[in-house]
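Peer 1: Quick one: structure below, then a few questions.
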Amino acid sequence: MGWDFTHLGIHPLQKDGLFGIFAHPLIHADWTHLFYNSFPLFVLLWGLYYFYKDFASTVFLMAWLIGGLLTWIIGKQGWHVGASGLIYSLAFFLFFSGILRKHIPLIAISLLVVFLYGSMVWNMFPWFASETTSWEGHLDGAIAGTLLAWFFRKEGPQKPNPFEEDDEVDYNWADIEENNSENSTEENPTALKE
């Protein structure tokens, strides 16, 4: 449509680029850029909200802000726009959350993330990314997602412990013993009570 919103992205270490910390995932260079970011963002957000619904919004917002702030601090000069940093945050969060929790369904999601998006790891490094790609935004998103996975590792779904007692059943051993002794004396009148 001929509109240019790149000035609303992140411009590292510049005051005019601070607003981009909040706006950069919403701004894209063109329709193709938006298209390539939309499907992975949808899939990863679905995974986040399905498996970690209790704190998914917190992770999403923190990934958005931490990744943006890190890009503002270490990014190369120029305007950084697009949701790919957020995609890296979500992918790394889902991957490391499953690994850290050692819970089989979550590990399966980790492996699915690797299968679907494992090749994107190379765009986090300047040697493999094109000059027009913000590899810093990708790397910062990955760092944010990994930190959030570590920070929230004790929240949400966890590997079940087979040795824990069932919380729903409250055993009162004194009552059980008393019931057993009453039943045994009723059946056998010659039995002695202690």
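The values are calculated or read from the model by the stated rules, or taken from the named source; none is laboratory data. Remember, predicted model here, so these are calculated numbers, not experimental data. We place every Cβ from the backbone using ideal geometry, glycine too, and count neighbours over all the protein chains shown. Please note that ligands, DNA and RNA were not included when accessible areas were found on the heavy atoms of the full protein model with its side chains. Shrake-Rupley method; radii C 1.70, N 1.55, O 1.52, S 1.80 Å.
Peer 1: Based on the Cβ-Cβ distance from Asp4 to Ala108, what FRET efficiency comes out when R0 is 41 Å, to the nearest 0.05?
Peer 2: Working: r = 43 Å, r/R0 = 1.04.
Between Asp4 and Ala108 the formula returns 0.45.
Peer 1: Follow-up. By a straight-distance test (C-alpha under 28 Å), which lysines pair with Lys102 as possible cross-link partners, with residues fewer than eight away in the same chain excluded?
Peer 2: Straight-distance partners of Lys102: Lys53, Lys154, Lys159.
Peer 1: Next question, about the same structure. Which residue, chosen from Ala23, Phe93, Val81, occupies the Cα position most advanced towards the positive end of the dipole of the stretch 1-125, where the dipole is computed from +1 (Lys, Arg) and -1 (Asp, Glu) charges on Cβ about the Cα centre?
Peer 2: Of the options given, the answer is Phe93.
Peer 1: Also, quick follow-up: Only loop residues by DSSP count here, and only those with at most 15 other Cβ atoms within 10 Å; note down the GluC sites (Glu not before Pro) in the stretch 128-161 that meet that. Before the final figure, lay out the partial values.
Peer 2: On the way: sites: Glu131, Glu136, Glu155; in loops: Glu131, Glu155.
Those that pass, being in a loop and sparsely packed, are Glu131, Glu155.
Peer 1: Once a ≥ b ≥ c are taken as the square roots of the eigenvalues of the Cα gyration tensor of the stretch 51-152, is the result rounded (a/c under 1.5), prolate (a/b larger than b/c) or oblate (a/b not larger than b/c)? Mind showing how you got there, number by number?
Peer 2: Working: a/c = 2.62, a/b = 1.55, b/c = 1.69.
Here the stretch 51-152 falls in the oblate category.
Peer 1: Counting only heavy atoms of the protein chains, get the accessible area per residue of the stretch 1-87 (1.4 Å probe) and round it to a whole Å² value.
Peer 2: On the way: 5160 Å² over 87 residues.
Averaged over the residues of the stretch 1-87, the accessible area is 59 Å².
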